[in-house]
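Notes to accompany the following structure.
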C-alpha cells in the first residue's frame, strides 16, 4: 500500500522526515538516555517522567489537523503510547538485561502487553478511520525467535526507506525538522522520493536500500560537482576569448556569473555588454538544465535534507 501517513512505533524523527501525517505511538526513544530506568519506579511511572520531557508542540505539528483538538483521540493515543512503552521496555529488559525477574517480565506478561498494544492500535485505527496509515515497528530491536509474533509489522518500501540511516536525524533538533517539513522544495522532492521508493524497493532488504540510496546519492553529488566545474570552465573560456578580458574584472566576474547575478551587467560598459550578456545567457541555460535534472531526480530530497541538517549534525561528531 502506498501512503504518506504512518502510525510510528519506531524513530519518530525519521518518520517526521519521510511522512506527512504521523500518529506518534512513541514519544520516548530519544529520551531513554536522558531518563534511564530506575528500579524503584514502575514502567508507567518511567513513561510519565519521559512524557514530561517531550515537547507537546511536536505532536500538534505531526498529527492530522482534524485530530489535534479531539480530546477523546488524544486520550486514546496516550493510552497506546503508555502501553507500547511498557511493551517495548519489557522486550529490552527480557532480551538485553538480566533483570527480567526484578521487573516482573515473563513470557506471559510479554504476550499480554503485545496483545494490548495490538488491540489499542486496532481500536484507534477503526474508531478514527486510520486504515490508510502504515505501521512502523522497530523490528530490529525485537528478537523474532523469542518474541510473540507481531501483527503490527507491515513490510513496505516506504517504511524501509524511513528506517535507513541515509539521513541521520538523531542529533537534529525538532525545531529544524519541523521547519524543514514546511519547505515547498522539500515537500515536492519528498513526494518524488516516496514514489521512487514504492516503485523500486518493494521486497528489497534494508541493507540493499541503504546501499542503493548511498550509491545514487554519490552519483548525484558527483554530477552536481561536475556541472559546477564544467560551467565555471566554460565561463573562463568565454571570458579569455572576448573583450571582457580587458576589463580587469575577470576574477570576481567569474564568481558573479556562476551565481547568475544580473547586476554583473552594470559592471561593464560599451561593446562588451553584449558579450557578457551572451555568457550570462549560457550560464542560465546550463543552470536551468541542471535544475530540471535535479527536480526530476528522487535523490534530491536526501541531498537537500543532508545539507540542511549538516551543521547541527557536525556539532555532535
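Read the figures in this text as sums done on the coordinates, not as results from a lab. Nothing here was measured: the structure is a model prediction, and the numbers come from that model. Don't worry about glycine lacking a Cβ; one is built from the backbone with ideal geometry, like all the others, and counts go over all protein chains shown.
What full-extension length gain, to one decimal in nm, is calculated for residue 92 and residue 179 as 0.36 nm per residue of separation minus the Cα-Cα distance?
28.0 nm
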* Structure fact -> Label model pair residue 211, residue 71: point-to-point distance (7 angstrom along the Cα→beta-carbon line) in nm is 5.5 nm
* **Residues residue 187 and residue 119, FRET efficiency given R0 of 35 Å [Cβ-Cβ distance, rounded to 0.05]** => 0.50
* Can you sort 198, 180 so the residue with the fewest Cβ neighbours within 10 Å comes first? -> 198, 180
